[in-house]
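Structure record follows, encoded as structure tokens.
The values are calculated or read from the model by the stated rules, or taken from the named source; none is laboratory data. Please read all numbers here as calculations on a predicted model, not as lab measurements. Methodologically, a virtual Cβ is constructed for each residue, glycine included, from the backbone with ideal geometry; neighbour enumeration extends over all protein chains shown. Protein only, heavy atoms only, side chains kept; ligands, DNA and RNA dropped before computing areas. Shrake-Rupley method; radii C 1.70, N 1.55, O 1.52, S 1.80 Å.
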Amino acid sequence: MLVDNDGHPVSSARRKREGGQALLEFALVLPVIVLVLISFLEIGRAVSDWNTLTNAARQGARVAVVNQIASHTECDESRPVEDPLNAHWSAWGCVMAATSQMRINSGDITVTYAAPLGTTLQCTTIVHVGCIATVSVTYHYTPATSLTTTLIGPITMTAVSKMPVERVFP
């Protein structure tokens, strides 16, 4: 025989009511729990994509400071670039390689060179040592589930990395 906290016997009708009440409470709480879990997964995906994006911009800037080839080539850093017409790696190619699992288009990547603040160095037509290479990558993050897409919507992420040019090539 079952007893309650006060020591009184519990009837089978009361047990059935309490079982139904627990089921109803669970049915009311379950959507909130699922929403929280899906939100955590989406936040994790967004942070992972943000880290990939910032690392790709940094890698592209690192290549841009030693290799100013503007053509869209691959990213084979193990081979030296001996001929600018047959380049094996460029800033653009390394950004594309680093973001291969994301949906990055060539128009989402910009590589520019500018003079450092307070100098008279010209960097617009000819790049010199000391010019600042800026690599900017834009990504449009879209949540995986329609529920979070409705709540959050797509997010535009932009990562920018700047480094001074170390050598001029080609």
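Looking at this structure, is Leu53 open to solvent by 40 Å² or more (accessible area, probe 1.4 Å) and not β-branched (Val, Ile, Thr)?
Against the criterion (open to solvent by 40 Å² or more (accessible area, probe 1.4 Å) and not β-branched (Val, Ile, Thr)), Leu53 does not qualify.
If you scan region 23-46, which residues turn out to be among the small types (Gly, Ala, Ser) and either at pLDDT below 90 or within 14 Å of Thr149 (Cα to Cα) (or both)?
Ser39, Ala46
Filter region 111-160 for residues that are assigned to a loop (DSSP other than H, G, I, E, B) and small (Gly, Ala, Ser) and give the result.
Ala115, Gly118, Gly130, Ala144, Gly153
Which one is surrounded by the most Cβ atoms within 10 Å (Cβ to Cβ), of the residues in region 130-149 that are free of Cβ contacts under 8 Å to residues at least 40 places away in the same chain and out of contact with any Pro (no Cβ under 8 Å at 6 or more places or on another chain)?
Ranking the candidates gives Thr138 first.
Among the residues of region 60-91 satisfying the criterion of being crowded, with 16+ Cβ neighbours inside 10 Å and among the polar types (S, T, N, Q), which is farthest from Phe169 (Cα to Cα)?
Among them, the one singled out is Thr73.
Here are some conditions: (1) open to solvent by 50 Å² or more (accessible area, probe 1.4 Å); (2) hydrophobic (A, V, I, L, M, F, W, C); (3) in contact (Cβ under 8 Å) with a residue 24 or more places away in the chain. Ile104 meets all but one. Which one does it not meet?
Evaluating Ile104 over (1) open to solvent by 50 Å² or more (accessible area, probe 1.4 Å); (2) hydrophobic (A, V, I, L, M, F, W, C); (3) in contact (Cβ under 8 Å) with a residue 24 or more places away in the chain leaves (1) as the failure.
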